[in-house]
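All remarks here apply to the structure that follows.
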Amino acid sequence: MPPRKKMDFDQFFQPPAPADDLAFLLGSSDTSDPAALAAERGLPLLHLDPATIAPDPDQLRYLPVPDDLRALAADGDPAAAELLAGLHELGHSIQTHGQLQPVVVYADSDPMQPHIRYRLLHGQRRWSAVLLLNLPTLWAVLVERPDGVSRLLRQYEENERRAGFSDMERTWALLRVKAALEQAAGGEVPWRVVEEALQISPDRRHDLLRLLRFPPEAQAMLVRYGWSEWTLRPLHMAINAGTLAPDMATRLLRQLATQPMVNATLVAQLLERELASPTPPALTADSPAPTADAPTPEAAPLPAAATYLRRLSRTRRSIETLQRNLPHITDAELRAAMHAEAQALHAQVQALLDALAGE
């Protein structure tokens, strides 16, 4: 078997090529004039029908499209209502004073939406505001379609310069940049390469990846409300310790969403109350798992046995959640450790099955 070719990771840290229009537009300071930069570069500045533009589905900063925002606000989502109000304000400003900065698009098509002719790379808030107020055109710079790695790195850099980029979005960005780098390299890329590409420390990367302990619904809430990893640390540490089931953490996040201000102290207090709450009298295998330590079998009557049943149910649901998120966990060392833990768990489950069967 021929030796595996050594990958050149330095290729990911070279300065952008002189022809990289996206880096030229988005790599400048916040005070730069995108229209002037586009003119200097000779890039087309167009007035486009906003209905012919679709947002980038891989945009690192998630923003619901206007119709989804309206539906969320109508359902009483305060974050959606606040965002919708801000977009209306931006739209009225564009209507009154004109669009001060163009968005960035590239030519694209969508078989499911034949009217789409462009894909939005940067400027989704302006695009959303124009759609909300039914304005006829959107001012845009047209660039060539960028490659996957360049697009993600430029978008990450641009979002980090602006407010509103959440820790959950940073976590998703880590996974997607790593996947893009591995596709470009044709093999496994270590985390140090991703850390250097995104200019974050190993400790920061470890902290962000802890947010993957939350199930998908909870992760979507983290994006919507912008809660930081540090603020929610009591919850994801409790999930990791096995004292809080992921679905229970989601329920606690729904409670936090009703609060006018959320901080680490409030999260810790809410978790403490949850862990101290008494076990409900009706216990079934599908009931949420309790978090207080159960008495030993010798010291407890039947309710303790039911508590163990609920703990088994909680473990099963945790494994189901992990299986759903497993495709996003690409770190080889982490997967190897999880494999070892799963093997140990398998042996313990088999021993429990034998004991329950009376063997």
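The values are calculated or read from the model by the stated rules, or taken from the named source; none is laboratory data. What you see is a predicted model; the values in this text were computed from it and never measured. So basically every Cβ, Gly included, is an ideal-geometry build from the backbone, and we count neighbours across all protein chains shown.
Among the residues of region 214-233, are any free of Cβ contacts under 8 Å to residues at least 24 places away in the same chain, assigned by TED's automatic domain parsing to the domain that holds Leu322 and of a type in the set (A, V, I, L, M, F, W, C)? Please lay out each step first, then the result.
Let us first name the residues in region 214-233 that are free of Cβ contacts under 8 Å to residues at least 24 places away in the same chain, namely 220.
From what is left, the residues that are assigned by TED's automatic domain parsing to the domain that holds Leu322 are 220.
Remaining after also requiring of a type in the set (A, V, I, L, M, F, W, C): 220.
Scanning region 214-233 turns up at least one residue that is free of Cβ contacts under 8 Å to residues at least 24 places away in the same chain, assigned by TED's automatic domain parsing to the domain that holds Leu322 and of a type in the set (A, V, I, L, M, F, W, C).
Among residues of region 111-133 that are in the same structural domain as Gln59 (by TED's automatic domain parsing), those with a Cβ under 6 angstrom from a residue that is crowded, with 18+ Cβ neighbours inside 10 Å and among the hydroxyl-bearing types (Ser, Thr, Tyr), sequence gap 6+ or separate chain, pair up as Arg119/Tyr106.
Taken over region 154-169, residues that are under 15 Å from Ala197 (Cα atoms) and either surrounded by fewer than 19 Cβ atoms within 10 Å (Cβ to Cβ) or modelled with pLDDT of 90 or more (or both) amount to 2. Of everything in region 222-254 that is polar (S, T, N, Q) and surrounded by 15 or more Cβ atoms within 10 Å (Cβ to Cβ), the residue that is nearest to Trp172 (Cα to Cα) is Ser228. When you scan region 302-313, do you find a residue that is out of contact with any Pro (no Cβ under 8 Å at 6 or more places or on another chain), modelled with pLDDT of 70 or more and either assigned to a helix (DSSP H, G or I) or loosely packed, with under 13 Cβ neighbours inside 10 Å (or both), even just one? Taking every residue of region 302-313 in turn, at least one turns out to be out of contact with any Pro (no Cβ under 8 Å at 6 or more places or on another chain), modelled with pLDDT of 70 or more and either assigned to a helix (DSSP H, G or I) or loosely packed, with under 13 Cβ neighbours inside 10 Å (or both).
Within region 164-174, can one find any residue that is more than 17 Å from the chain's Cα centre (by Cα) and of a type in the set (A, V, I, L, M, F, W, C)? Please lay out each step first, then the result.
The first filter runs over region 164-174 and keeps only residues more than 17 Å from the chain's Cα centre (by Cα), leaving none.
No, because not a single residue in region 164-174 is more than 17 Å from the chain's Cα centre (by Cα) and of a type in the set (A, V, I, L, M, F, W, C).
Restricting attention to region 183-195, does a residue exist that is outside the structural domain of Leu256 (by TED's automatic domain parsing), touching a strand residue (DSSP E or B) at 6+ places or on another chain (Cβ under 9 Å), in a helix (DSSP H, G or I) and in contact (Cβ under 8 Å) with a residue 40 or more places away in the chain? Even if it seems obvious, please write down each step before you answer.
Initially, region 183-195 is screened for residues outside the structural domain of Leu256 (by TED's automatic domain parsing), giving 183-195.
Those left that are additionally touching a strand residue (DSSP E or B) at 6+ places or on another chain (Cβ under 9 Å): none.
Checking region 183-195: not a single residue is outside the structural domain of Leu256 (by TED's automatic domain parsing), touching a strand residue (DSSP E or B) at 6+ places or on another chain (Cβ under 9 Å), in a helix (DSSP H, G or I) and in contact (Cβ under 8 Å) with a residue 40 or more places away in the chain.
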